[in-house]
Amino acid sequence: MISVTSQNVSFGHRSLARHAERAAAHAAGIISSHFGPLPGVQVLVSSRTDALADFIHESKLALLPGAELREVAQQLRWERRGLRGKYGATELSAGGIVLALNLGKARTVADVNETLTHELVHAYQLSGDDAREEHLAYLRYGFEIEPLPRRKVRAYERVMDRREREARDAERLASQIPA
């Protein structure tokens, strides 16, 4: 199941937000047919990167009890800075997966379609139990909650690079989403 919410959408991006709401179900169907079933996905569409970063950050924090306030604040600053140049982001949540769509960066319908397709591939990649556990361990390492051997960190970063290439390759499927 996929649900789409719009928040803090600027006047010039309203038509793209409406398109994202309509296209999300189509994109989810395409990804499910090519890769496999998707978990529950909650999509936030916004023109403001700080709102998107807060959404992603809160989803992470719900999964990471025991994080120090200093580290939480630093991670939020990194999230906000990092989302400025990104079209979207995907992260684990307690109920499945959260996906943020940055309308400040995605300026056309094609950008929205490609971003939805790309990020839904990441949602599929994180949906397995093993992938979820690996990602949670990496997040606990990033928030300095639990150490992770350097060998495992490098191995997981290679997995993330492979997943990114796979998602980029799947962007071609966005052409199947109705405009």
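In region 97-106, what residues are open to solvent by less than 10 Å² (accessible area, probe 1.4 Å) and of a type outside the set (A, V, I, L, M)?
N102, the sole residue that qualifies.
When region 107-118 is examined, which residues are found to be open to solvent by 60 Å² or more (accessible area, probe 1.4 Å) and under 15 Å from H26 (Cα atoms)?
The answer is E114, and nothing else.
Out of (1) polar (S, T, N, Q); (2) touching a residue at least 40 places away in the same chain (Cβ under 8 Å); (3) closer than 21 Å to R132 by Cβ, the odd one out for T90 is which?
(2)
For (1) at pLDDT 95 or above; (2) surrounded by fewer than 16 Cβ atoms within 10 Å (Cβ to Cβ); (3) not hydrophobic (A, V, I, L, M, F, W, C), each residue gets a yes or a no:
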position: A24; (1), (2), (3): yes, no, no
position: A28; (1), (2), (3): yes, no, no
position: I31; (1), (2), (3): yes, no, no
position: Q42; (1), (2), (3): yes, no, yes
position: R48; (1), (2), (3): no, no, yes
position: L61; (1), (2), (3): no, yes, no
position: L64; (1), (2), (3): no, no, no
position: A67; (1), (2), (3): no, no, no
position: R80; (1), (2), (3): no, no, yes
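So how many residues does region 167-176 have that are loosely packed, with under 12 Cβ neighbours inside 10 Å and among the basic types (K, R)?
Adding up the residues that qualify gives 1.
Could you please find all residues in region 91-122 being of a type in the set (A, V, I, L, M, F, W, C) and within 19 Å of L64 (Cα to Cα)?
L92, A94, I97, V98, L99
Hey, could you check region 3-19 for residues that are open to solvent by less than 50 Å² (accessible area, probe 1.4 Å) and of a type outside the set (G, A, S) and say which is nearest to S47 (Cα to Cα)?
So, considering only residues that are open to solvent by less than 50 Å² (accessible area, probe 1.4 Å) and of a type outside the set (G, A, S), the one nearest to S47 (Cα to Cα) is V9.
Within region 119-141, take every residue that is touching a residue at least 12 places away in the same chain (Cβ under 8 Å) and more than 17 Å from the chain's Cα centre (by Cα) and give me the one that is most open to solvent (accessible area, probe 1.4 Å).
Checking each candidate, the answer is Y141.
Determine if region 155-166 includes at least one residue that is under 13 Å from the mean Cα position of the chain (by Cα), buried (at least 18 other Cβ atoms within 10 Å of the Cβ) and either touching a residue at least 40 places away in the same chain (Cβ under 8 Å) or outside any loop (DSSP other than H, G, I, E, B) (or both).
no
The values are calculated or read from the model by the stated rules, or taken from the named source; none is laboratory data. These numbers come from a predicted model, not from an experiment. Methodologically, a virtual Cβ is constructed for each residue, glycine included, from the backbone with ideal geometry; neighbour enumeration extends over all protein chains shown. Surface accessibility is based on the protein's heavy atoms, side chains included, excluding ligands, DNA and RNA. Shrake-Rupley method; radii C 1.70, N 1.55, O 1.52, S 1.80 Å.
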